[in-house]
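Enquirer: What follows is a single structure, and I will ask about it in a moment.
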Amino acid sequence: MSTSLDSHRRRLQQDIPTGIAAFVAFLALLLPTIGVVTLLVKGPQIEARGNPLYWLILSVPAIWAWRMTDYSPGVLRTIRPILFAAPLIAGGVLAAARVRDAGMTPYWIMLALTCVLTVAGGLLYNRSLLAREGPIGAE
């Protein structure tokens, strides 16, 4: 059983659409996360890095991406939900920016890029070995 899981994991790691879909999902998650940071952590970038909230917020996509490197089934199952949730999160960030009277242009760009990334990621995901066989493989 373990050998078949390792074999499937290697095949997933070599599958280009799976890898690109995972990377695009990371970027789609990172953009609204950066938007949240810009809303909650004030000051220039150098000062913001000294704020623990900055690191706490950015740790979410960082930990997810780090765990994705081993292609474990649990993390692979999160690609589709992230591709679905990222535009919703970006829309929430856009709404929060509007309420806070922040400059809207960067947030509109963030929302547009997030939507483009999630569509591209969804198309790639649908063509991937991960979509065909799942994170554990066809048994």
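Enquirer: Suppose we keep only residues that are in contact with a helix residue (DSSP H, G or I) (Cβ under 9 Å, 6 or more places away or on another chain) and open to solvent by 80 Å² or more (accessible area, probe 1.4 Å) within region 91-105. Which one would you say is farthest from residue 28 (Cα to Cα)?
Expert: Restricting to residues being in contact with a helix residue (DSSP H, G or I) (Cβ under 9 Å, 6 or more places away or on another chain) and open to solvent by 80 Å² or more (accessible area, probe 1.4 Å), the top hit is 100.
Enquirer: Let me ask you something else. Limited to region 61-81, what total is found for residues that are among the polar types (S, T, N, Q), more than 18 Å from residue 133 (Cβ to Cβ) and surrounded by 17 or more Cβ atoms within 10 Å (Cβ to Cβ)?
Expert: So the answer is 0.
Enquirer: May I ask you to list the residues in region 43-74 that are in contact with a helix residue (DSSP H, G or I) (Cβ under 7 Å, 6 or more places away or on another chain) and without any contact (Cβ under 8 Å) to a residue 24 or more places away in the chain?
Expert: Scanning region 43-74 gives 48, 53, 54, 67.
Enquirer: Additional query: Tell me, please, whether a residue that is surrounded by 15 or more Cβ atoms within 10 Å (Cβ to Cβ), charged (D, E, K, R) and in contact with a His (Cβ under 8 Å, 6 or more places away or on another chain) can be found in region 112-132.
Expert: no
Enquirer: Across region 104-126, what is the number of residues that are polar (S, T, N, Q) and touching a residue at least 12 places away in the same chain (Cβ under 8 Å)?
Expert: Number of matching residues: 2.
Enquirer: Say we look at region 8-28 and pick out the residues that are over 21 Å from the mean Cα position of the chain (by Cα) and touching a residue at least 12 places away in the same chain (Cβ under 8 Å); which of these is least open to solvent (accessible area, probe 1.4 Å)?
Expert: Across region 8-28, the extreme among qualifying residues is 8.
Enquirer: Taking the stated definitions as given, is residue 31 in a helix (DSSP H, G or I), of a type in the set (A, V, I, L, M, F, W, C), free of Cβ contacts under 8 Å to residues at least 40 places away in the same chain and open to solvent by 40 Å² or more (accessible area, probe 1.4 Å)?
Expert: Taking the combined requirement at face value, the residue does not satisfy it.
Enquirer: Moving to a separate point now. Report yes if some residue within region 42-60 is exposed (fewer than 13 other Cβ atoms within 10 Å of the Cβ), within 15 Å of the chain's Cα centre (by Cα) and more than 19 Å from residue 15 (Cβ to Cβ); otherwise report no.
Expert: yes
Enquirer: Right, something else. With (1) part of a helix (DSSP H, G or I); (2) closer than 22 Å to residue 123 by Cα; (3) over 11 Å from the mean Cα position of the chain (by Cα) as the list, and residue 36 as the residue in question, which single condition is left unmet?
Expert: (2)
Enquirer: Within region 79-131, track down each residue that is part of a loop (DSSP other than H, G, I, E, B) and closer than 20 Å to residue 19 by Cα.
Expert: Of everything in region 79-131, those that are part of a loop (DSSP other than H, G, I, E, B) and closer than 20 Å to residue 19 by Cα turn out to be 127, 128.
Enquirer: Return yes or no: is residue 112 modelled with pLDDT of 95 or more and out of contact with any Ser or Thr (no Cβ under 8 Å at 6 or more places or on another chain)?
Expert: In short, yes.
The values are calculated or read from the model by the stated rules, or taken from the named source; none is laboratory data. Quantities reported herein were computed from a predicted structural model and do not represent experimental measurements. No Cβ is skipped: glycine too gets one built from the backbone with ideal geometry, and neighbour counts run over all protein chains shown. The area values use the complete protein model at the heavy-atom level, side chains included, leaving out ligands, DNA and RNA. Shrake-Rupley method; radii C 1.70, N 1.55, O 1.52, S 1.80 Å.
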